[in-house]
Each structure stands twice: as C-alpha cells, then as structure tokens.
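Colleague: Structure below; questions to follow.
The values are calculated or read from the model by the stated rules, or taken from the named source; none is laboratory data. Everything quoted here is computed from the prediction, not taken from an experiment. Ideal geometry is used to build each Cβ from the backbone, glycine not excepted, and the neighbour counts take in all protein chains shown.
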Amino acid sequence: MSVYQASIQAFAQVIDSQPKLLTHQDWVELEQIRGNLPDDNEKITELVEKWLKLESRRQLFQAYSQQLDLLIPNFDDGGVKTGRANSKSSASPDKPSESGKELLDNTIKKNSPLSDAPKSQPKP
Amino acid sequence: MKKFSLTLYAFHLHHTLSEVPGDVDADANLLWENLVKLGETSLRFTGLKDLRSKLVCYDNGKYEPKGEQGRETEWLGNVDNLDLGSLPTPEGFTIHANLQPFLINDTYAADFTLSPESVDISIGLPQLQYFQPSELLPGNIQPSLGQTIWIYGEVDPDADCEQIAKTYATALLAGTNFNPVRKNQGEFFGNPIFEYQVNDSNTPNNPAQQCQIFIELNHAQSSTPQFSENSYDWLLNLLCSYHKIRYVYDLARQRYAEARAIYSYLDKKILEFNHLVNNSQTQLSDLKQLLSEIPRQSLDYTRCLQDLATHHTAIITNITNYQICLDKLTAIGNGNSPQSWQDFLSKDCQKWSKQVQTDINYLTPGQELFGQLVDTIRGVIETQQTESDRSLERTVQVLGIGFGGGAIVSGVVTAGIDKINLPLVQKYPFYSSLFLSIIATLGFIYLGWLIVKCKER
C-alpha cells in the first residue's frame with residue numbers, strides 16, 4: 001500500500017469510526033469535495049490534509065495522524081529508513097526523477113590559471 | 001525531539017565545461033572517498049566503509065566513471081535503497097545510516113541521513129552527540145560546491161521552536177571552533193524552519209567551505225508532504241541550484257578581480273607606450289619588448305571575459321532551475337515556502353546575475369582597447385622598421401657607388417701610375433696609388449650620397 005492510499009484509508013476509517021468528530025458543516029463540505037475528487041491519490045491526500053489543517057478540525061487531524069501511523073508503520077518505525085523525515089527520491093537505478101525532466105542541464109566552468117608572466121612596470 | 005533525522009546534503013563537481021565529454025574533474029571522486037574515510041574512522045557504518053561497492057561509478061573498488069555513462073537516471077546506486085547499516089550507542093538505541101547518491105548534470109549529490117532505529121526515541125542534546133555531527137562539516141566532506149546539514153524532528157505543539165533550534169544548532173557544532181550564525185526563519189510544509197550559516201574564518205568568502213544548516217521542527221505532527229517523493233527531488237535540486245549559484249558567483253567575482261588587474265596593467269601600458277612614442281631616444285627594441293608582453297595579457301583578459309560570460313550563463317540557468325524547484329515546493333506546501341528562499345531568488349540572485357552582466361559590460365571595451373593598442377604598437381614598429389631598413393639601403397647604395405667608383409679609379413691609377421710625371425708620384429708609386437684611390441672613393445661616396453639624396457627628393 002502506498003503512502004497516499006494509506007492516507008486515504010486512514011481518513012476513511014476515522015470518519016467511519018469517529019463520526020462525532022465531524023460537524024454538520026464538515027459533512028456538507030466533505031460531500032462537496034467528494035463530488036470533485038481528483039484522479040490521483042497524491043492529490044486526494046493533499047486535498048484531505050489541507051482540509052484537515054483548519055484549527056477547528058484539530059481533533060480530527062490528530063485522530064487521522066494516529067490512524068495513519070498505524071497503517072504505515074514502515075515509514076515511522078523499524079522499516080526502511082531513508083532521507084530527511086524518511087523522504088526518498090523518486091529516482092531509482094532504472095528510473096529518472098520527475099524533476100530531471102523539467103530542469104535545465106547545465107555545466108559549470110572552473111577558472112583556469114592565467115599566464116604567470118610578471119606584469120612589467122611602466123618605464124619612468 | 002522525536003522522528004529525528006540528521007541529513008547531510010553535499011554537492012561536488014563531477015566535470016566542468018573544460019573537460020572532454022566523458023571525462024571527469026580530477027577530484028571528482030573526492031566526495032565518495034571522503035564518505036568512505038568517515039566510515040573507516042568515525043562513523044563506522046559497515047555500508048559506509050564499503051560504499052564503493054554500492055556505487056555504479058566504482059568497479060572492484062576502483063573509481064570508474066565510465067559506469068555512469070549511458071544511464072538515464074540520476075540515481076548512482078547499484079540498488080534502490082542504500083542501507084548503510086546501524087551503530088549502537090551507549091544508551092542502547094542504534095543509529096541507522098542511509099545514502100541517496102546522485103549525478104545531477106555536472107554535480108555529484110549525496111544525501112547521507114542518520115536517524116535513530118526507532119522513531120519513538122527522543123533525541124535531546126546529549127543523544128545528538130552520538131550522531132557525531134561535527135564529522136559532517138566541510139573540513140571532512142570537502143564538497144567543492146557546498147553542503148547543507150538538515151535536522152528534522154517532531155516537537156510538542158507548545159514547544160519554543162526558536163529556542164530548540166538555537167540549542168540544537170549550537171550542539172551540532174560542539175567541539176569545533178565554529179559558531180552558527182542565525183540567518184533566517186520561516187515555514188516549510190507548515191513546519192517552523194530555522195536557517196543557520198557556518199563560515200570558516202580562514203576562508204570566509206569561499207562558499208565551498210561554508211555550511212548551511214536547516215533545523216525543521218514539526219510541531220503539528222503533519223506528515224503527508226514529507227512522504228511526497230516529488231518534494232524530495234525538488235528540495236534536493238533546489239539546494240543543488242542554491243550552492244551552484246553561490247559557487248559560480250564566487251568564481252565570477254574572482255575572474256572580475258583578475259580582469260581588473262589586467263585592465264589596470266593595460267592602462268599603464270598605454271602610458272608607457274605614449275612615453276616611448278614621444279621620446280626621440282626610443283629604441284625599436286623597447287617597442288618590441290612592449291609588443292611581446294601585451295598579447296599574453298590580452299589573451300588572459302579575453303579568457304577572463306569569456307569565463308565571466310560562461311559564469312553568467314551558469315548563474316542564469318541555475319536561477320531558472322531554482323525558480324522551478326521553489327515553485328514546485330511552494331505548490332506542494334499549499335502556497336507556502338520559506339520567505340528567505342523567495343528572497344534569495346528575488347534579491348540575491350537578481351543582484352548577482354545583474355552584477356556579473358555589469359562586470360562584463362565594464363570590461364568589454366577594454367578588450368577592444370587591447371587589440372587597438374597591439375595594432376598601434378605594431379604599426380609604429382613597422383614604420384620605424386621601414387625607416388631603419390631604408391636608411392640601411394641608402395647607406396649600402398652610397399657605399400656601393402663609392403667603393404665601385406673608387407675601385408675603377410684605383411685600377412686605372414695603378415695601371416697608369418708610371419705615366420704621371422710627378423717626382424713625388426714617381427718616387428712613391430704605391431702610396432700614391434693608394435692615396436689617389438682613397439680620394440677617388442671618397443669622391444664617389446659623396447657623389448653617391450648626392451644621387452641618393454636627389455632620388456629621395
């Protein structure tokens with residue numbers, strides 16, 4: 001299960017198991033979001049997390065985070081450890097990163113030594 | 001601090017524009033060799049010591065960059081995940097190490113991350129020393145383009161993040177002569193982030209000897225953006241572009257200073273030339289000496305200008321890449337990214353690119369002046385040389401007429417000396433012939449001089 005699938009599943013489990021954490025207004029907003037859900041799991045996750053970031057949904061967000069920790073223990077404990085905050089490049093031995101497709105190739109030139117001929121002083 | 005990670009991002013030149021495609025810089029493998037050295041001396045992770053066997057640019061422990069050629073990916077590892085192993089600590093928990101190696105265009109990039117085996121282990125200041133952060137400073141890593149050390153951790157929502165960052169930044173440099181200088185603070189993916197700078201007092205202006213430190217404190221337990229694979233790559237490339245811009249700008253300033261010195265030399269040479277031209281005692285050799293010195297300096301000056309133009313292109317290109325990365329990260333962060341990153345783009349980068357262009361504009365007229373000075377000196381030398389040659393030609397002509405005429409007269413006089421009926425001549429015929437020949441030669445020289453002079457008129 002990918003991180004994004006886990007995030008979506010965690011959110012679904014929280015609203016199923018703890019519906020009291022959601023107000024009537026929250027349900028209305030969720031209905032609206034459901035009608036315009038993007039196809040990509042990553043975008044859905046971003047949308048959900050953005051929606052959860054409101055201060056009034058702090059409890060809901062905490063419940064979601066705890067559920068997410070349960071679903072993706074590998075990212076949090078005992079599993080594969082990678083970079084900063086356990087983040088990892090999308091590049092692999094047989095796949096370039098997405099960023100490489102958009103960034104410009106470039107090459108630096110170092111300063112090579114100039115001629116060391118003494119600079120003569122002007123004659124008086 | 002929980003879910004702690006300490007990451008070193010190091011950037012090192014793989015090749016330069018001067019190298020033939022396929023060749024690498026003389027010190028290209030220094031980054032990997034220094035990481036291996038760390039594994040052998042202080043951070044004794046088995047995988048770090050054996051790093052050479054995990055990279056495609058090594059073959060049987062020998063650096064063979066040909067292994068990188070033809071690959072479409074930036075990833076330099078033989079496998080997807082370079083787990084370097086774990087080290088025990090006196091407190092019982094273990095520290096895990098991971099490496100993410102890349103070749104991004106002309107740059108080797110390494111992400112060397114240390115984290116406790118379990119995310120539940122809280123890393124305070126005493127535990128931080130088990131990670132030996134001072135071993136990750138530029139003195140040991142020696143990345144030619146620069147490096148960033150990034151601490152990430154989760155803190156309580158009501159924690160004093162600024163104070164925590166300050167104490168961790170100081171603890172990071174414990175046992176060294178360095179002090180962290182606070183540069184900026186902001187928010188990254190909703191987390192407070194604090195930027196520090198560490199400068200080597202011996203080389204304060206060398207960006208490769210400086211270390212940028214970020215301390216990111218997650219006080220809201222937000223998680224998802226951290227897992228975004230794309231955010232990882234954009235961040236890595238943003239840091240890479242940042243260090244390259246600083247490095248290239250430093251190169252450009254060095255070249256500008258060198259070009260200024262040559263420009264000053266040129267000014268002095270023009271004065272010297274004027275002095276020589278106005279001085280009637282000037283020898284042709286003085287001008288030739290001047291002419292022999294200038295072309296080499298002129299070539300140096302042209303190289304400086306060419307390098308400045310190349311550096312300007314590199315700065316502009318990396319600014320474009322930095323902008324793309326920052327836009328992507330800002331989008332992932334729901335419209336937020338550290339203000340200092342925006343400021344770097346809108347202020348520092350803009351100023352630096354314009355500064356290099358201004359330097360080029362200042363120096364370009366000097367290049368033409370160098371050419372004109374050489375042409376002028378060459379013209380004066382040619383004129384003087386022609387005059388000198390003509391003078392020699394005149395002398396040869398006069399002497400030719402003189403000696404030629406003198407020889408004819410001498411022949412005639414010698415043959416008919418006995419016919420000159422003068423007692424003195426009859427008494428000394430040899431000396432008389434010689435005397436008359438000399439008189440005739442001098443007469444013909446004078447005649448020759450008159451003829452040449454008439455011709456010149």
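Colleague: Considering every residue within the stretch A:41-54, establish whether at least one is acidic (D, E) and surrounded by fewer than 17 Cβ atoms within 10 Å (Cβ to Cβ).
Modeller: Here is the first cut: in the stretch A:41-54, the residues acidic (D, E) are A:42, A:46, A:49.
Remaining after also requiring surrounded by fewer than 17 Cβ atoms within 10 Å (Cβ to Cβ): none.
Within the stretch A:41-54, not a single residue is acidic (D, E) and surrounded by fewer than 17 Cβ atoms within 10 Å (Cβ to Cβ).
Colleague: Oh, and also: Which pairs turn up if I take residues in the stretch A:9-32 that are among the β-branched types (V, I, T) and look for partners that are at pLDDT below 90 with beta carbon separation below 7 Å, at least 6 apart in sequence or on another chain?
Modeller: A:V14/A:L60; A:V14/A:A63; A:V14/A:Y64; A:V14/A:Q67; A:I15/A:L22
Colleague: If you don't mind, another one. Looking at (1) assigned to a loop (DSSP other than H, G, I, E, B); (2) farther than 30 Å from A:A10 by Cα, which is the one condition that is false for B:A220?
Modeller: (2)
Colleague: Taking the stretch B:333-352, which residues are among the small types (G, A, S) and under 25 Å from A:L47 (Cβ atoms)? Show your work before the answer.
Modeller: The first filter runs over the stretch B:333-352 and keeps only residues among the small types (G, A, S), leaving B:333, B:335, B:337, B:340, B:346.
Correct list: B:G333, B:G335, B:S337.
Colleague: Could you count how many residues in the stretch B:1-20 are facing another protein chain (nearest Cβ under 10 Å) and without any contact (Cβ under 8 Å) to a residue 24 or more places away in the chain?
Modeller: 2
Colleague: Go through the stretch B:107-138 and give me each residue that's of a type in the set (D, E), touching a residue at least 40 places away in the same chain (Cβ under 8 Å) and over 25 Å from B:N179 (Cα atoms).
Modeller: Kept after step one, since they are of a type in the set (D, E), are these residues of the stretch B:107-138: B:111, B:117, B:120, B:135.
Among the residues that remain, those that are also touching a residue at least 40 places away in the same chain (Cβ under 8 Å) are: B:111, B:120, B:135.
B:D120 - this is the single residue of the stretch B:107-138 that is of a type in the set (D, E), touching a residue at least 40 places away in the same chain (Cβ under 8 Å) and over 25 Å from B:N179 (Cα atoms).
Colleague: Checking the conditions here, which among B:N218, B:N199, B:N184, B:N140 is within 13 Å of another protein chain (Cβ to nearest Cβ) and surrounded by 15 or more Cβ atoms within 10 Å (Cβ to Cβ)?
Modeller: Values: B:N199 fails: within 13 Å of another protein chain (Cβ to nearest Cβ); B:N184 fails: within 13 Å of another protein chain (Cβ to nearest Cβ); B:N140 fails: within 13 Å of another protein chain (Cβ to nearest Cβ).
Exactly one of B:N218, B:N199, B:N184, B:N140 is within 13 Å of another protein chain (Cβ to nearest Cβ) and surrounded by 15 or more Cβ atoms within 10 Å (Cβ to Cβ), namely B:N218.
Colleague: Tell me which of these B:S122 doesn't satisfy, since it passes every other one: (1) surrounded by fewer than 17 Cβ atoms within 10 Å (Cβ to Cβ); (2) under 30 Å from A:K101 (Cβ atoms).
Modeller: With respect to (1) surrounded by fewer than 17 Cβ atoms within 10 Å (Cβ to Cβ); (2) under 30 Å from A:K101 (Cβ atoms), B:S122 is out only on (2).
Colleague: Moving to a separate point now. Given B:L287, B:L276, B:L266, B:L308, which one is facing chain A (nearest Cβ under 8 Å), among the hydrophobic types (A, V, I, L, M, F, W, C) and assigned to a helix (DSSP H, G or I)? Steps first, answer last, please.
Modeller: Details: B:L287 fails: facing chain A (nearest Cβ under 8 Å); B:L266 fails: facing chain A (nearest Cβ under 8 Å); B:L308 fails: facing chain A (nearest Cβ under 8 Å).
Result of the check over B:L287, B:L276, B:L266, B:L308: B:L276.
Colleague: In the stretch A:10-37, which residues are within 14 Å of chain B (Cβ to nearest Cβ) and within 23 Å of B:A331 (Cα to Cα)?
Modeller: A:F11
Colleague: Given the criterion closer than 23 Å to B:N237 by Cβ and β-branched (V, I, T), identify the matching residue among B:V79, B:V119.
Modeller: Details: B:V119 fails: closer than 23 Å to B:N237 by Cβ.
On inspection, the qualifying residue turns out to be B:V79.
Colleague: Within the stretch B:65-89, can you find the residues that are surrounded by 13 or more Cβ atoms within 10 Å (Cβ to Cβ) and away from chain A (no Cβ under 14 Å)? If you could, list the steps in order and put the result at the bottom.
Modeller: So the first thing to find is which residues in the stretch B:65-89 are surrounded by 13 or more Cβ atoms within 10 Å (Cβ to Cβ), and the list is B:65, B:67-68, B:71, B:73-78, B:80-87, B:89.
Those that are surrounded by 13 or more Cβ atoms within 10 Å (Cβ to Cβ) and away from chain A (no Cβ under 14 Å): B:P65, B:T89.
Colleague: Do we have any residue at all in the stretch B:362-379 that's within 30 Å of B:K268 (Cβ to Cβ), within 9 Å of chain A (Cβ to nearest Cβ) and touching a helix residue (DSSP H, G or I) at 6+ places or on another chain (Cβ under 8 Å)?
Modeller: Restricting attention to the stretch B:362-379, the residues satisfying the condition of being within 30 Å of B:K268 (Cβ to Cβ) are B:362-379.
Subset that is within 9 Å of chain A (Cβ to nearest Cβ): none.
For the stretch B:362-379, residues within 30 Å of B:K268 (Cβ to Cβ), within 9 Å of chain A (Cβ to nearest Cβ) and touching a helix residue (DSSP H, G or I) at 6+ places or on another chain (Cβ under 8 Å): absent.
Colleague: Same structure again: Contact list please: Cβ distance under 7 Å, first residue in the stretch B:293-310 and among the small types (G, A, S), second residue surrounded by 18 or more Cβ atoms within 10 Å (Cβ to Cβ), pairs at least six apart or on different chains.
Modeller: Listed by first residue and then by second, the contacts come to B:S298/B:F370; B:A309/B:I360.
Colleague: If I filter the stretch B:225-237 for residues that are of a type in the set (D, E), crowded, with 23+ Cβ neighbours inside 10 Å, part of a helix (DSSP H, G or I) and at pLDDT 85 or above, do I get at least one hit? Outline the logic, then answer.
Modeller: Step one: of the stretch B:225-237, the residues of a type in the set (D, E) are B:229, B:233.
Among the residues that remain, those that are also crowded, with 23+ Cβ neighbours inside 10 Å are: B:233.
Filter once more, so that each one left must be part of a helix (DSSP H, G or I): B:233.
Within this subset, residues satisfying the condition of being at pLDDT 85 or above are B:233.
Yes, that holds for at least one residue.
Per-residue answers, yes or no, for (1) in a helix (DSSP H, G or I); (2) not hydrophobic (A, V, I, L, M, F, W, C):
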site	(1), (2)
A:S7	yes, yes
A:P38	no, yes
A:K43	yes, yes
A:V48	yes, no
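Colleague: Filter the stretch B:311-332 for residues that are more than 10 Å from every other protein chain (Cβ to nearest Cβ) and modelled with pLDDT under 95; which is surrounded by the most Cβ atoms within 10 Å (Cβ to Cβ)?
Modeller: Checked the stretch B:311-332; the qualifying residue surrounded by the most Cβ atoms within 10 Å (Cβ to Cβ) is B:L329.
Colleague: Against the definition (under 28 Å from B:D250 (Cα atoms) and surrounded by fewer than 17 Cβ atoms within 10 Å (Cβ to Cβ)), how does B:K166 come out, yes or no?
Modeller: Working: under 28 Å from B:D250 (Cα atoms): no; surrounded by fewer than 17 Cβ atoms within 10 Å (Cβ to Cβ): yes.
No; evaluated as a whole, the condition is false for this residue.
Colleague: For B:L51, are the conditions met, namely being within 18 Å of B:Y130 (Cα to Cα), surrounded by 20 or more Cβ atoms within 10 Å (Cβ to Cβ), more than 10 Å from chain A (Cβ to nearest Cβ) and touching a strand residue (DSSP E or B) at 6+ places or on another chain (Cβ under 9 Å)?
Modeller: Details: within 18 Å of B:Y130 (Cα to Cα): no; surrounded by 20 or more Cβ atoms within 10 Å (Cβ to Cβ): yes; more than 10 Å from chain A (Cβ to nearest Cβ): yes; touching a strand residue (DSSP E or B) at 6+ places or on another chain (Cβ under 9 Å): yes.
Considered against the rule, which asks whether it is within 18 Å of B:Y130 (Cα to Cα), surrounded by 20 or more Cβ atoms within 10 Å (Cβ to Cβ), more than 10 Å from chain A (Cβ to nearest Cβ) and touching a strand residue (DSSP E or B) at 6+ places or on another chain (Cβ under 9 Å), B:L51 comes out as no.
Residues are listed down the side, and each one gets a yes or a no for (1) touching a residue at least 60 places away in the same chain (Cβ under 8 Å); (2) within 14 Å of chain A (Cβ to nearest Cβ); (3) closer than 30 Å to B:T73 by Cβ:
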residue	(1), (2), (3)
B:Y152	yes, yes, yes
B:N191	no, yes, yes
B:F194	no, no, no
B:C211	yes, no, yes
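Colleague: Being crowded, with 18+ Cβ neighbours inside 10 Å and within 8 Å of chain A (Cβ to nearest Cβ) is the filter here; which residues of the stretch B:290-305 pass it?
Modeller: Those that are crowded, with 18+ Cβ neighbours inside 10 Å and within 8 Å of chain A (Cβ to nearest Cβ): B:Q297, B:D300, B:R303, B:C304.
Colleague: Within the stretch B:56-93, can you find the residues that are polar (S, T, N, Q) and out of contact with any Gly (no Cβ under 9 Å at 6 or more places or on another chain)? Break it down into steps so the answer makes sense when it comes.
Modeller: So in the stretch B:56-93, the residues polar (S, T, N, Q) come out as B:60, B:69, B:73, B:78, B:81, B:86, B:89.
Selection gives B:N60, B:N78, B:N81, B:S86, B:T89.
Colleague: Going by the structure shown, is B:F370 within 16 Å of B:I193 (Cα to Cα), touching a residue at least 24 places away in the same chain (Cβ under 8 Å) and either assigned to a helix (DSSP H, G or I) or basic (K, R) (or both)?
Modeller: The answer is no for B:F370.
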